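The values are calculated or read from the model by the stated rules, or taken from the named source; none is laboratory data. If you're wondering where the values come from, they're calculated on a predicted model, not measured in any experiment. FYI the Cβ positions are ideal-geometry reconstructions off the backbone, even for glycines, and counts take in every protein chain you see. Note: areas computed on protein heavy atoms with side chains; ligands, DNA, RNA excluded. Shrake-Rupley method; radii C 1.70, N 1.55, O 1.52, S 1.80 Å.
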Amino acid sequence: MAEGDISDQKMTHALAAARRSHGVVADHALEPLHEFVEAYLLQERVRVELGAKVVGWKLAAPPAAEVISAPLFDIACLASDSVLADPALLRDGVECELALRIDHPLPTGPCTRDDVMAAVGAVMPAFELLCSRLPRKFASPREHIVADCMGQGAVVLGAPCTDWRALDFAQMRVTLWADDVTVVDQRGGNPFEDPLNAVALLANHLAQRGEPLAVGAFVLAGSHTGVHRARPGERLRCVFEGVGEVALELRETTPTTSEEFRHAGR
């Protein structure tokens with residue numbers, strides 16, 4: 001076996017083990033990784049080792065850097081009102097996002113906001129739980145962050161809203177409570193302004209890599225609230241005006257997984 005293949009195997013095993021245990025890889029575990037193309041291959045190798053299915057995607061598009069993305073796995077999806085067993089899954093915080101579900105095929109060529117508008121069938125309120133497996137977390141090299149699926153720990157999805165086309169995402173009111181305390185209450189806040197733009201960016205990014213944004217998948221389209229540092233014992237609830245709400249209990253017990261998430265929000 002070639003030296004490169006051995007390094008790839010070691011990195012795959014390290015990342016998969018850290019995901020299973022909600023742990024952190026060793027300091028130099030990803031030292032051989034220097035290219036984005038290898039980072040995306042590692043995402044897929046880890047998925048295979050975990051026996052997971054891709055049900056969604058997330059992305060980031062910093063102003064001075066290229067778009068990066070990560071798949072979301074079925075084994076890391078929870079139903080709204082779940083009870084979270086291990087608070088390590090959100091040790092790096094929780095974000096309130098909209099998840100847009102693709103119900104109709106997107107074009108194979110360049111994708112526009114109008115194409116996304118026609119393809120999205122439902123919008124869901126969501127929490128993204130952040131759990132980096134890297135020693136330097138989000139200060140790590142971007143290639144390492146991509147290999148670690150951008151620090152994604154889990155997703156909590158609320159009920160799908162199909163009557164969303166008249167909503168003004170740029171001015172949508174979003175309210176987050178921790179227990180009965182208001183943490184955020186604001187309008188707008190999405191880094192893409194319009195989540196439909198985020199989906200178009202992702203679709204074009206994936207197309208450049210030869211990866212489809214498949215019917216049935218959902219896209220986390222950017223945090224509306226920044227990062228909230230939750231504490232064990234809290235009950236989190238977020239309401240997106242006109243869409244619905246998502247909630248999560250932070251307790252030391254077994255989380256529930258709904259059938260909905262085995263079908264990407266269906």
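Using the charge dipole of segment 9-153 (Lys, Arg: +1 at Cβ; Asp, Glu: -1 at Cβ; taken about the Cα centre), state which of 102, 60, 88 has its Cα farthest towards the positive end. Final value for the positive-end residue is 88. Each Cα pair under 8 Å and six or more residues apart adds its sequence gap; the mean of these over the residue count of the chain is a relative contact order of 27 percent.
Applying 1/(1 + (r/R0)^6) with R0 = 25 Å to the Cβ-Cβ distance of residue 64 and residue 117 gives a FRET efficiency near 0.30. Membrane-span-like helices in the chain (whole DSSP H runs, Cα extent of at least 30 Å along the helix axis, mean Kyte-Doolittle hydropathy of at least 0.0): none found.
With K and R counted +1 and D and E -1, the other residues having a Cβ less than 12 Å from that of residue 51 yield a net charge of +2. Once the 1.4 Å probe is applied to the protein heavy atoms, the chain comes out at 44 Å² accessible per residue.
Between 64, 221, 207, the Gaussian network model of the chain with springs among Cα atoms under 10 angstrom shows the greatest mean-square fluctuation at 64.
Considering only 52, 99, 147, the Gaussian network model of the chain with Cα springs below 10 Å gives its largest mean-square fluctuation to 52. Here segment 34-159 has 59 percent of its accessible surface on carbon and sulfur atoms, given a 1.4 Å probe and all protein chains in place. Among 30, 59, 167, the largest mean-square fluctuation in a Gaussian network model of the chain, built with springs joining Cα atoms closer than 10 Å, belongs to 167.
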